[in-house]
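The values are calculated or read from the model by the stated rules, or taken from the named source; none is laboratory data. Computed from a prediction, not measured in an experiment: that's the story for all the values here. As a convention, Cβ positions derive from the backbone with ideal geometry for all residues, glycine included, and neighbour counts pool all protein chains shown.
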Amino acid sequence: MPSHLQDILDWREKGIKNVVVLTTDYEIEEVWGHVDYYFKVLEEAGIKYTWSPIKDGEAPRIGQFNEILNFIRRVEVRSSLSSRYRTHRNYTAVT
């Protein structure tokens, strides 16, 4: 988990646009002071997220696993559509 704003800005610089947050509210609050503040910082950096807290030593419940998987699938679809759009746009520009 990032511990400073600069960590999140570095993520953005490296092209990270989406994250799955598995930490509990307690873990987030230890570092960021408040859960809402942490997610606001992510949003302001343009990073989309899904939050599905998992306690240390535990596995995600089936429902949590499905939420995480659905988020990842949506990210892949957006990425794929965006890539196709750029390709299509370039092709159109060439013709």
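Figures for the structure shown
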{"item": "For Ser3: the one exception among (1) of a type in the set (S, T, N, Q); (2) surrounded by 12 or more Cβ atoms within 10 Å (Cβ to Cβ); (3) touching a helix residue (DSSP H, G or I) at 6+ places or on another chain (Cβ under 6 Å)", "result": "(2)"}
{"item": "Count - residues of the stretch 46-72 that are closer than 18 Å to Ser3 by Cα, in a loop (DSSP other than H, G, I, E, B) and either among the polar types (S, T, N, Q) or in contact with a Leu (Cβ under 7 Å, 6 or more places away or on another chain) (or both)", "result": "1"}
{"item": "Answer residue from the stretch 50-64, given it is over 12 Å from Asn18 (Cα atoms) and surrounded by 13 or more Cβ atoms within 10 Å (Cβ to Cβ) and is modelled with the lowest pLDDT among those", "result": "Pro60"}
{"item": "Residue list for the stretch 23-58, filter: hydroxyl-bearing (Ser, Thr, Tyr) and touching a helix residue (DSSP H, G or I) at 6+ places or on another chain (Cβ under 8 Å)", "result": "Tyr38, Tyr49, Thr50, Ser52"}
{"item": "Top-ranked residue of the stretch 65-95 - restricted to ones that are of a type in the set (A, V, I, L, M) and under 25 Å from Gly15 (Cα atoms), ranked as modelled with the lowest pLDDT", "result": "Leu81"}
{"item": "Residue, farthest from the chain's Cα centre (by Cα), within the stretch 14-45, restricted to residues that are loosely packed, with under 11 Cβ neighbours inside 10 Å and assigned to a loop (DSSP other than H, G, I, E, B)", "result": "Gly33"}
